[in-house]
1. Contact list please: Cβ distance under 7 Å, first residue in the stretch 350-371 and in contact (Cβ under 8 Å) with a residue 60 or more places away in the chain, second residue acidic (Asp, Glu), pairs at least six apart or on different chains.
2. Name, by its number, the condition in (1) more than 21 Å from the chain's Cα centre (by Cα); (2) within 30 Å of Glu186 (Cβ to Cβ); (3) not charged (D, E, K, R) that does not hold for Ala109.
3. Can you name the number of the only condition in (1) modelled with pLDDT of 95 or more; (2) at negative phi that Gly315 fails?
4. Being touching a helix residue (DSSP H, G or I) at 6+ places or on another chain (Cβ under 7 Å) and either closer than 30 Å to Ala57 by Cα or in a strand (DSSP E or B) (or both) narrows it down to one residue among Ala337, Ala331; which is it?
5. Just the residues that are assigned to a loop (DSSP other than H, G, I, E, B) and either within 21 Å of Trp98 (Cα to Cα) or within 17 Å of the chain's Cα centre (by Cα) (or both), please, taken from the stretch 31-57.
6. Please indicate, with yes or no, whether at least one residue in the stretch 12-19 is modelled with pLDDT of 95 or more and in contact with a Pro (Cβ under 9 Å, 6 or more places away or on another chain).
7. Restricting to the stretch 92-114, give me the number of residues that are among the polar types (S, T, N, Q) and either at positive phi or in a strand (DSSP E or B) (or both).
8. Just to be sure, is Pro225 farther than 27 Å from Glu365 by Cβ, in contact with a Lys or Arg (Cβ under 8 Å, 6 or more places away or on another chain) and part of a loop (DSSP other than H, G, I, E, B)?
Amino acid sequence: MKLTCVHGQPSWRLRNRTVDAWLTRTGGQLAPATFRVGGHSVQPFSMAPWAEEKFPAGIPPLLRALRGDFFCCPFGNNDEAWRGERHPPHGETANRDWRLVSSGRTGDAVVLHTRLALRVRPGRVDKRLMLRDGHAAVYCENVLSGLRGPVAIGTHPCLRFPEKPAAGRISTGGFRFGQVLPVPFERPELGGYSSLKTGARFHSLRRVPLAAGGLADLGAFPARPGFEDLVMLVGDGRGGFAWSAVTYPESGYVFFSLKDPRVLRHTVLWFSNGGRHYPPWNGRHRRVVGLEEVTAYFHLGLAPSARPNPLSRAGVPTCLQLQPDRPLRVAHIFAVAAIPRGFDEVKKISPARDGVTLTARSGREVFAPLDPGFLRPPVQSSR
């Protein structure tokens with residue numbers, strides 16, 4: 001398979017009649033991705049506005065390529081070394097060049113297989129992306145082999161939103177509680193601005209404390225222009241699958257992701273709406289939400305996730321323990337479905353024969369052909 005330069009990045013193409021997607025060699029980033037739903041095409045993933053620009057020294061490859069989804073291992077900034085390991089932001093998986101292993105059709109699916117040999121902590125990651133005939137979905141797996149010790153992991157899908165305020169509605173499949181990042185997310189003296197109250201806990205996305213007083217509805221976006229914010233929704237690790245979703249009523253579709261909550265326990269929401277005024281952001285990254293499924297301590301990196309922290313002391317896992325002879329499979333699914341008028345916000349996603357049923361708070365329902373069983377193979381437990 002030949003590499004093609006797409007928005008400044010050499011990329012591999014994966015497509016069938018329903019989905020047309022690109023994977024960058026650098027960082028293994030998935031975008032653009034076009035889904036055919038309801039007789040028209042949609043592209044839910046965002047692309048950084050600087051994709052084809054030259055960069056000042058010191059900008060990591062992750063940010064040069066920034067787009068769509070990528071696998072983070074270890075998830076987070078990784079500003080602090082862990083027992084001599086110095087990982088780049090979101091890990092080598094999000095910054096180094098992947099190698100193509102194979103691509104082609106197997107039965108009713110097309111599969112792209114890439115691989116990365118890790119250096120900071122020796123091991124290997126095998127990434128497979130699969131498209132199934134008739135499914136408006138991307139099936140993703142990253143298999144970690146040969147690694148020992150604690151690791152924080154996460155997905156990182158970045159979704160773009162229309163310009164109209166509150167054009168999208170964000171929801172998840174329930175969480176024990178949510179918390180705003182317990183340390184400042186941005187620093188005004190460096191050109192970054194946040195709006196939420198540092199460390200505040202909440203139990204509804206509709207009522208989250210603001211730093212200036214009052215409450216914000218995090219379920220409606222775009223909102224809070226000029227600010228960057230980050231919260232984590234703490235999951236309970238139960239159920240066959242867990243989900244997150246964004247409904248775009250005026251655009252006529254819903255984007256949703258499914259995960260195994262035993263592996264990806266929590267959800268980090270990153271709201272990016274022009275609050276960073278330093279390179280390469282320069283106030284240009286707007287109307288984007290990161291809908292990130294993780295087992296980590298917020299986005300702070302391996303060291304804060306692996307050592308005791310307020311959540312792990314309370315019995316909430318913030319990392320996974322790896323053994324060299326026990327590969328860890330991290331599987332998740334991105335999907336899109338057309339929605340009718342009156343489908344306002346996803347309330348639940350339930351298994352159905354040959355797919356899933358999405359139910360809105362209004363009571364309207366949508367069926368999506370899908371295979372949730374993709375998520376189910378045995379995995380290591382978290383601590």
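1. Sorted first by the residue in the stretch 350-371, then by its partner, the pairs are Leu358/Glu365; Ala360/Asp344; Ala360/Glu345; Pro369/Asp354.
2. Every condition holds for Ala109 apart from (2).
3. Of the numbered conditions (1) modelled with pLDDT of 95 or more; (2) at negative phi, the odd one out for Gly315 is (2).
4. Details: Ala337 fails: touching a helix residue (DSSP H, G or I) at 6+ places or on another chain (Cβ under 7 Å).
Testing whether each residue is touching a helix residue (DSSP H, G or I) at 6+ places or on another chain (Cβ under 7 Å) and either closer than 30 Å to Ala57 by Cα or in a strand (DSSP E or B) (or both) leaves just Ala331.
5. Residues of the stretch 31-57 assigned to a loop (DSSP other than H, G, I, E, B): 38-39, 43-44, 46, 48-57.
Hits for the stretch 31-57 are Gln43, Pro44, Ser46, Ala48, Ala51, Glu52.
6. The answer is no, given that none of the residues of the stretch 12-19 is modelled with pLDDT of 95 or more and in contact with a Pro (Cβ under 9 Å, 6 or more places away or on another chain).
7. Taking the stretch 92-114 first, the residues among the polar types (S, T, N, Q) are 93, 95, 102-103, 106, 114.
Restricting the remaining residues to those that are either at positive phi or in a strand (DSSP E or B) (or both) gives 102-103, 106, 114.
Residues in the stretch 92-114 being among the polar types (S, T, N, Q) and either at positive phi or in a strand (DSSP E or B) (or both): 4 in total.
8. Numbers: farther than 27 Å from Glu365 by Cβ: yes; in contact with a Lys or Arg (Cβ under 8 Å, 6 or more places away or on another chain): yes; part of a loop (DSSP other than H, G, I, E, B): yes.
Yes; evaluated as a whole, the condition is true for this residue.
The values are calculated or read from the model by the stated rules, or taken from the named source; none is laboratory data. Computed from a predicted structure; not experimentally measured. All Cβ positions, glycine included, derive from the backbone under ideal geometry; neighbour counts span all protein chains shown.
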